[in-house]
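Presented below is the structure to which this report refers.
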Amino acid sequence: MKNDSHRCSYTVEDPRVAHALFGQQNCHLKQLEGLLKLKIAIRGYTVTLTGDPLQVELGQRVLQQLTALLQRNYPLYPPDIDYAVSILRTDAAAQLVDIFFDTILISARNKMIAPKTLAQKRYIDAIRHYDVVFGIGPAGTGKTYLAMALAVAAWQQKQVRRILLVRPAVEAGEKLGFLPGDIAEKVNPYLQPLYDALFDMVDFRKGQELIDEGIVEVAPLAFMRGRTLNDAFIILDEAQNTTTQQMKMFLTRLGFGSKAVITGDTTQIDLPAGRRSGLLQAVGLLEKVEGIAVNRFTDIDVVRHPIVQRIVQAYASLDQGA
């Protein structure tokens, strides 16, 4: 029987880097072994990979690039192994140093916020260079979170004077009129995810100060009508639930010195039957318009718990009639 397996060795010269690369009790190498369906043996600071030639080659690239990260004191965690494999499997020429060290912001929890996938890297580059950016894809791909980090960074660097965080208040299962409280209390549950992301960036006390001072405004989309927004970073979240009229209204609010990021998941539209999503229409109309960028995410860009990626894939298969 023909044996198509291939073998190669990789040696790490620096013991400190080797320990971090291998992980506690070699957990990182075991994780890589499972991801690539390889056999990995360790002798001293030399790793030997055996298996399918393409997977062995990919494994060697992953180890080389993770070593480069660690040599620059990158704090390597198990999810980074998954991200590295996904990125280098998609683009063999990608450089993890350029992606993982593209720090947007250090959060209130002292966490470095940076892209973890190629699509995330393209997304933040687009937001930096375009005035209107659409981020479309499934839950867990970082669309809103990364946009929020860039908004806070832009305010800190005095590129904008205020941040507006906007969501449509679509009645998905409950009627607003039957919920208790005034209008602010009725729409607050729809806006809570935006508050959560903000407080993760700047901590609760500072975030509340920014809201009280009017530097950050969190509001339902209906509150944008009739306004012109200058020197602002505006994020429209859950945009798949805008109507075509609402989307047009929002896009025409943009004033001088402002930037807008529109995020949404076109597989999660909660509009009543027969109502067309403003996000779908806008992307179709504007994708080739100068100054506008459209960035699409897929299930491989999910950066939550690994099971979320599998859930997204399962539902995508259902939608395709599989």
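When the stretch 127-139 is limited to residues that are open to solvent by 10 Å² or more (accessible area, probe 1.4 Å) and out of contact with any Gly (no Cβ under 7 Å at 6 or more places or on another chain), the one that is farthest from Gly291 (Cα to Cα) turns out to be Ala139. For the stretch 6-30, the tally of residues that are part of a strand (DSSP E or B), open to solvent by 60 Å² or more (accessible area, probe 1.4 Å) and under 18 Å from Gln55 (Cβ atoms) stands at 3. Of Tyr190, Tyr195, all but one fail to be within 21 Å of Ile104 (Cα to Cα) and either modelled with pLDDT under 90 or crowded, with 20+ Cβ neighbours inside 10 Å (or both); the exception is Tyr195.
Within the stretch 43-90, the set of residues being charged (D, E, K, R), closer than 22 Å to Lys111 by Cβ and part of a helix (DSSP H, G or I) comprises Asp80, Asp82. I'd like the full set of residues that are of a type in the set (S, T, N, Q) and over 28 Å from Leu198 (Cα atoms), limited to the stretch 68-123. Answer for the stretch 68-123, where residues must be of a type in the set (S, T, N, Q) and over 28 Å from Leu198 (Cα atoms): Gln71, Ser86, Thr90, Gln95.
Among the candidates Thr103, Thr117, single out the residue that is more than 21 Å from Val202 (Cβ to Cβ) and among the polar types (S, T, N, Q). So that I can check it myself, show each step before the final result.
Details: Thr103 fails: more than 21 Å from Val202 (Cβ to Cβ).
Going through Thr103, Thr117 in turn, the sole match is Thr117.
Looking at the stretch 253-276, can you tell me whether even one residue there is at pLDDT 85 or above, part of a helix (DSSP H, G or I), within 23 Å of Ile127 (Cβ to Cβ) and not hydroxyl-bearing (Ser, Thr, Tyr)? There is no residue in the stretch 253-276 that is at pLDDT 85 or above, part of a helix (DSSP H, G or I), within 23 Å of Ile127 (Cβ to Cβ) and not hydroxyl-bearing (Ser, Thr, Tyr).
Reported count of residues in the stretch 31-56, each being under 28 Å from the mean Cα position of the chain (by Cα), surrounded by 15 or more Cβ atoms within 10 Å (Cβ to Cβ) and free of Cβ contacts under 8 Å to residues at least 40 places away in the same chain, is 2. Number of residues in the stretch 228-276 that are polar (S, T, N, Q) and farther than 18 Å from Gly142 by Cβ equals 10. I want to confirm something. Restricting to the stretch 60-77 and keeping residues that are open to solvent by 60 Å² or more (accessible area, probe 1.4 Å) and touching a residue at least 40 places away in the same chain (Cβ under 8 Å), which single residue is nearest to Ala93 (Cα to Cα)? Checking each candidate, the answer is Gln64. Residues in the stretch 291-320 that are modelled with pLDDT of 95 or more and either more than 13 Å from the chain's Cα centre (by Cα) or part of a helix (DSSP H, G or I) (or both): Ile292, Ala293, Val294.
The values are calculated or read from the model by the stated rules, or taken from the named source; none is laboratory data. Since the model is a prediction, treat every value here as computed from it, not as a measurement. Glycine gets a Cβ as well: all are built from the backbone with ideal geometry, and neighbour counts include every protein chain shown. Surface areas here come from the heavy atoms of the whole protein model, side chains and all, with no ligands, DNA or RNA. Shrake-Rupley method; radii C 1.70, N 1.55, O 1.52, S 1.80 Å.
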